[in-house]
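Please read the structure below before turning to the comments.
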Amino acid sequence: MPTPQRVALLGATGSIGRQTLEVLRRERARFQLVAISGGERLSELAAIQREFAVKRVGVKTSAHRDALAALVPASVEIVVGDEGLSSLARDGDVVVNAVVGFAGLPVTIGALEAGARLALANKESLVAAAPLVATARRTTGAQIVPVDSEHCAIYQCLAGASTLPGHPDVRRLLLTASGGPFRGWGHEQLARVTRADALRHPTWSMGEKITVDSSTLMNKGLEVLEASALFGVEAARIDVVVHPQSIVHSMVEYVDGSVLAQMSRPDMRLPIAYCLGLPERLDHAWGAMDFASGFELTFEAPDRDAFPALDLAYEAARLGGAAPAWLSAANEVAVDAFLRDRLRWREIVDVVAAVMDHYVADPLNTLEALYDNDATARRLAAGNLPR
Ligand SMILES: NC(=O)c1ccc[n+]([C@@H]2O[C@H](COP(=O)([O-])OP(=O)(O)OC[C@H]3O[C@@H](n4cnc5c(N)ncnc54)[C@H](OP(=O)(O)O)[C@@H]3O)[C@@H](O)[C@H]2O)c1
């Protein structure tokens, strides 16, 4: 049996984190979990440390470190904050970035600078830092494999594509969207959406932030930006198609009109296992389908009028530079306010649009510039929340 691959799983206590652990439990000989991190759920973090005998654990603050120290053996190294995350991301042969939001940036940059394979769930870091990620990605050995199911599908459908920059044999990438819980709703109904409504996703069970993003279609907007940065295809060649069954995870249309799609039952353990197992496929059939049972696959255009987040994302892609970082930061502030009952659902995208009206072009050449832009967008978003 070859030496196990060292896996660092950052954001281990969340939805993607827990599903990654399920894959690792089935593959104990193949993978060794060497580093984990969490946010608020310290008892869950300690339980993961015990189960997998993890040697290094990351937490957000020194207060979290003190609380965790009481729950894990003294031999466990506890690291803190962005620096801690960055050092853990340099520990694995494979680094799973399952942190939510801009907080995942040190993991993305750290893993790539260390020349690791980055299994990327945290789309916000790539969206915000695309020019900087492109530089870090040139490190010898560094590789990004997308956990996001749509991007994992495109990654697989591009397997036979030209390797020339921009994939000239590809006409367009087709990102599928479930449409979220409010597909087909009109403006009047949307004005009455509650927190509970927004957290009820029809096909996927996920963390709260991405579930709200799916309800506004901002998640799909972020995914357009993510796909553009990942595959080097401009946003004008990336289309969104609503596919309520979430069976076709995305598609690639080639210049000869041929369309390749990747299908499975919706189960995030499949893309996670794909990213961990590469270049092999792990034999678990997470998403296996029963074609004999009979089912429908339908496709329709998104309602851009009812869900303006999509157009905001395409505009941010057109502007480039720091515009996607502003979009994502403003959205994080607005979604957080919605989850705290400080903002109505419809106002989430209004806040983002108001922030984007003040965007000042910046090419985003340095990490310092990114943090400055992120802080500016967050300040403007906070200023647009109701008092
Ligand atoms: N869930 C899905 O099916 C899915 C699918 C595709 C892509 N994604 C992407 O994957 C990422 C994770 O999503 P999720 O649904 O797994 O989110 P989640 O359930 O909210 O989990 C987020 C993880 O990040 C940790 N965390 C939160 N804030 C942090 C901070 N400031 N610093 C360090 N760690 C922090 C959380 O810790 P605590 O829980 O301990 O507080 C948790 O471990 C997101 O970028 C999302 O867009 C998710």
Asp66, Asp256 arranged by Cβ crowding within 10 Å, fewest neighbours leading | Asp256, Asp66
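For a quick check of your reading of the filter: which trypsin sites (Lys or Arg not before Pro) in segment 197-245 sit in a DSSP loop and have no more than 13 other Cβ atoms within 10 Å?
Arg200
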Placing each pseudo-label 7 Å from Cα in the direction of the beta carbon, His187 and Arg304 end up separated by a distance in nanometres of 1.7
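What's the longest bit of the chain with no exposed GluC sites (Glu not before Pro), using DSSP loop states and at most 15 other Cβ atoms within 10 Å as the test?
On the way: sites that count: Glu40, Glu234, Glu280, Glu296.
Longest stretch, sites excluded: 41-233.
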Extended-chain gain in nm, criterion 0.36 nm per residue less alpha-carbon gap, Ala236 and Glu296 = 18.7 nm
In the chain, what % of DSSP beta bridges are antiparallel (nearest 5)?
-> 25
Note to self: C-alpha centroids of segment 161-199 and segment 246-278 sit apart, in Å, by 16
Can you tell which of Leu71, Leu33, Leu312 shows the greatest fluctuation in a Gaussian network model of the chain with Cα springs below 10 Å?
-> Leu71
Just how large is the dipole of segment 60-105 about the Cα centre, in debye to the nearest 20, putting +1 at every Lys and Arg Cβ and -1 at every Asp and Glu Cβ?
-> 120
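Checking the a/c ratio against 1.5 first, then a/b against b/c, what shape does the Cα gyration tensor give for segment 78-147? Could the numbers behind the result be given before it?
Values: a/c = 1.44, a/b = 1.11, b/c = 1.30.
Here segment 78-147 falls in the rounded category.
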Report the extension gain between Ala361 and Met289 in nm, rounded to one decimal, defined as 0.36 nm multiplied by the number of residues separating them, less their alpha carbon distance.
-> 21.2 nm
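Taking a ≥ b ≥ c as the square roots of the Cα gyration tensor eigenvalues, with a/c under 1.5 meaning rounded and otherwise prolate when a/b beats b/c, else oblate, which class fits the chain?
Working: a/c = 1.39, a/b = 1.15, b/c = 1.21.
Here the chain falls in the rounded category.
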Put +1 on the Cβ of each Lys and Arg and -1 on the Cβ of each Asp and Glu in the chain; which of His167, Ile36, Ala128 then has its Cα farthest toward the positive end of the dipole?
-> Ile36
Could you give me the ³J(HN,Hα) list for segment 39-47, computed from phi with Karplus coefficients 6.51, -1.76, 1.60 and θ = phi - 60°, whole Hz, x at Gly and Pro?
-> x, 8, 8, 6, 5, 5, 4, 5, 5
Here, Glu22 and Asp82, labelled 7 Å along Cα→Cβ, have an inter-label distance in nm of 3.4
Given a Förster distance of 41 angstrom, what is the FRET efficiency for Glu113 paired with Ala354, based on the Cβ-Cβ distance and rounded to 0.05?
-> 0.70
With r as the distance between the Cβ atoms of Tyr371 and Arg6 and R0 = 35 Å, compute the FRET efficiency 1/(1 + (r/R0)^6) and round to 0.05.
-> 0.75
In percent, what relative contact order does the chain have, based on Cα pairs under 8 Å that are 6 or more apart in sequence?
-> 14
Under a point-charge model restricted to the Cβ atoms of Lys and Arg (+1) and Asp and Glu (-1), what is the dipole moment magnitude of the chain relative to its Cα centre, in debye to the nearest 20?
-> 880
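Count the lysine pairs in the chain that are 8 or more places apart or on different chains: how many have C-alpha atoms under 19 angstrom apart? Numbers along the way, then the final one.
On the way: Lys60/Lys209; Lys123/Lys209; Lys123/Lys220; Lys209/Lys220.
Within the chain, the lysine pair count is 4.
Given the rule -39500 (n - 2.57) for each run of at least 4 DSSP H residues, summed and divided by the residues of the chain, what is its mean residue ellipticity at 222 nm, to the nearest 500 deg cm²/dmol?
On the way: 17 runs with 167 residues, N = 387.
That calculation yields -12500 deg cm²/dmol at 222 nm.
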May I ask which residue of Thr194, Pro302, Gly207 lies farthest towards the positive end of the charge dipole of the chain, with charges of +1 (Lys, Arg) and -1 (Asp, Glu) on Cβ and the Cα centre as origin?
-> Gly207
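Computed from the coordinates by the stated procedures, all read-outs in this text should not be read as laboratory data. Note that this is a predicted model, so its numbers are computed, not measured. Neighbour counts run over all protein chains shown; Cβ positions are idealised from the backbone, glycine included.
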